[in-house]
Amino acid sequence: MDITTPSTELTDVITDMWVDLARDQRSYGSQLLGPENRAVIRETVVQRIVADTLFVARREGAVVGFVMFTVEHSRYEQEGEPGLIENLYVEPGARRNGIGSALLEAAEERLVADGATVIKLEAMARNDAGRQFYAAHGYRPHRLALKKPTENDTA
């Protein structure tokens, strides 16, 4: 398995994987729509490739996963420089082979090299496997996001 920075030739492959990721996250309560955001994410993938803030995992030459990451820039002064891991995805048939761990580690190393002093990420609250994966890599809850539907079916 190799972790590399992709060329823009892989834009559509990575975009398709992101759509699969968004579709998968719907089962955990995400409101993000995959196919409906294809054009936006395709543009984002190109930007991330050019900015060198996206890695892919290849196994036997085939792309089997990706991770996006960035040093977070805010208008607010903060203690330390936060890095952000986004959109870590491994094809279902390639999971549990260390690919996600390798992608996460590569992104973390790049973020630290770019000055990050803390690394943040998000996982869906109902995604037990994802939360366990991140916990095994030293991530702990930091913030809690809450949501409430505006429609009430009991009214």
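FYI, it's all coordinate maths here, none of it is from the lab. As the structure is a computational prediction, the values presented were derived from the model and not from experiment. We place every Cβ from the backbone using ideal geometry, glycine too, and count neighbours over all the protein chains shown.
General observations
- From Arg95, Arg58, residue being basic (Lys, Arg), more than 20 Å from Ala113 (Cα to Cα) and either crowded, with 18+ Cβ neighbours inside 10 Å or in contact with an Asp or Glu (Cβ under 8 Å, 6 or more places away or on another chain) (or both): Arg58
- Every residue from the stretch 117-155 that is more than 16 Å from the chain's Cα centre (by Cα) and of a type in the set (Val, Ile, Thr): Thr117, Val118, Thr150, Thr154
- Within the stretch 1-30, residues that are of a type in the set (D, E, K, R) reach partners that are surrounded by 15 or more Cβ atoms within 10 Å (Cβ to Cβ) with beta carbons closer than 6 Å, at six or more positions or on different chains, in the pairs Asp2/Arg58; Arg23/Gly34.
- Count - residues of the stretch 80-92 that are under 22 Å from Asp24 (Cβ atoms) and surrounded by 13 or more Cβ atoms within 10 Å (Cβ to Cβ): 8
- Glu77 being closer than 22 Å to Val112 by Cα, of a type in the set (Asp, Glu), free of Cβ contacts under 8 Å to residues at least 60 places away in the same chain and loosely packed, with under 12 Cβ neighbours inside 10 Å: yes
- Test set (1) in contact with a strand residue (DSSP E or B) (Cβ under 7 Å, 6 or more places away or on another chain); (2) without any contact (Cβ under 8 Å) to a residue 12 or more places away in the chain - Asp128 fails condition number: (1)
- All positions within the stretch 30-51 that are surrounded by 12 or more Cβ atoms within 10 Å (Cβ to Cβ) and of a type in the set (D, E, K, R): Arg38, Arg42, Glu43, Arg48
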